[in-house]
Amino acid sequence: MKAELVSSLAEVGKSEWDSLNASEHPFTSYDFLNSLEISNSVSSKTGWNPQHIIVKNEKGNIIGVSPNYLKMHSYGEYIFDHAWANAFENAGGQYYPKLLSAIPFTPATGPRVLIDPKNPENNKIFELIINMFEIIVQNNNLSSAHINFITDNLNNKLKNEKWIKRKGLQFHWHNKDYNSFDDF
């Protein structure tokens, strides 16, 4: 197995990417993420530089992926870490760029590491992807790596790693079959 970075989903086949999206989550689908790139919604001009992690087996087949971005700011993440950025910079550091695994402009919980659950080596693939975050941070002298809006499953897996859990608060509104404001 080997891991590499691609700066565009065009370097990956749609069927290869989507075959790993076992939950068929709409925001981790190839079409959704690729449309953000094609439209230039994510690009160096918007501060969302694609840096997707791709894991290939010995035959060159893609067996694991993670959508990632080199971020030059915190806009469009719906995680407000400006206080962290200010504190880091006041201490003499440079917070940006940072590495982010997230779905741009979409504060929806979902998978951030895509691996075929039937692959007998999925634990090794997962470890390789997670280790790539650290390698990318070190090799590019980045301040940090973040994974936003993760599933409980990924959160549980990361407990054994060197990750710090960020706690936040969200408010969710549910329409209980209200047909009008008066019904509400």
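Data for the structure
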item: Residue count, the range 92-130 (criterion: more than 22 Å from S74 (Cα to Cα), open to solvent by 70 Å² or more (accessible area, probe 1.4 Å) and not charged (D, E, K, R)); result: 3
item: Test: residue in the range 70-80 that is in contact with a helix residue (DSSP H, G or I) (Cβ under 7 Å, 6 or more places away or on another chain), part of a loop (DSSP other than H, G, I, E, B) and more than 16 Å from V12 (Cα to Cα); result: yes
item: Any chance F133 is closer than 28 Å to M72 by Cβ and in a loop (DSSP other than H, G, I, E, B); result: no
item: Some residue of the range 76-89 being buried (at least 21 other Cβ atoms within 10 Å of the Cβ), touching a residue at least 24 places away in the same chain (Cβ under 8 Å) and not aliphatic (A, V, I, L, M); result: yes
item: Residues satisfying the stated conditions in the range 12-31, i.e. open to solvent by 50 Å² or more (accessible area, probe 1.4 Å), in contact (Cβ under 8 Å) with a residue 40 or more places away in the chain and either part of a strand (DSSP E or B) or more than 19 Å from E121 (Cα to Cα) (or both); result: F27
item: Count - residues of the range 37-61 that are touching a Phe, Trp or Tyr at 6+ places or on another chain (Cβ under 8 Å) and either open to solvent by 20 Å² or more (accessible area, probe 1.4 Å) or in a loop (DSSP other than H, G, I, E, B) (or both); result: 5
item: Residues satisfying the stated conditions in the range 136-156, i.e. over 16 Å from the mean Cα position of the chain (by Cα) and of a type in the set (V, I, T); result: none
item: Selected residue (criterion: nearest to V137 (Cα to Cα)) from residues of the range 1-11 that are part of a strand (DSSP E or B) and open to solvent by 60 Å² or more (accessible area, probe 1.4 Å); result: L5
item: Output for the range 157-182, where each listed residue is within 17 Å of V113 (Cα to Cα), surrounded by 10 or more Cβ atoms within 10 Å (Cβ to Cβ) and modelled with pLDDT under 80; result: E161
item: Every residue from the range 17-58 that is closer than 17 Å to K118 by Cα, among the aliphatic types (A, V, I, L, M) and modelled with pLDDT of 95 or more; result: L20, V55
item: Candidate set: the range 136-156, residues that are aliphatic (A, V, I, L, M) and in a loop (DSSP other than H, G, I, E, B); chosen: the one most open to solvent (accessible area, probe 1.4 Å); result: I150
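The values are calculated or read from the model by the stated rules, or taken from the named source; none is laboratory data. Predicted model, so just to flag it, every value in this text is computed and none were measured. Using ideal geometry, Cβ is built from the backbone for each residue, glycine included, and neighbour counts are taken over all protein chains shown. These area figures cover heavy atoms from the full protein model, side chains too; ligands, DNA and RNA do not enter into them. Shrake-Rupley method; radii C 1.70, N 1.55, O 1.52, S 1.80 Å.
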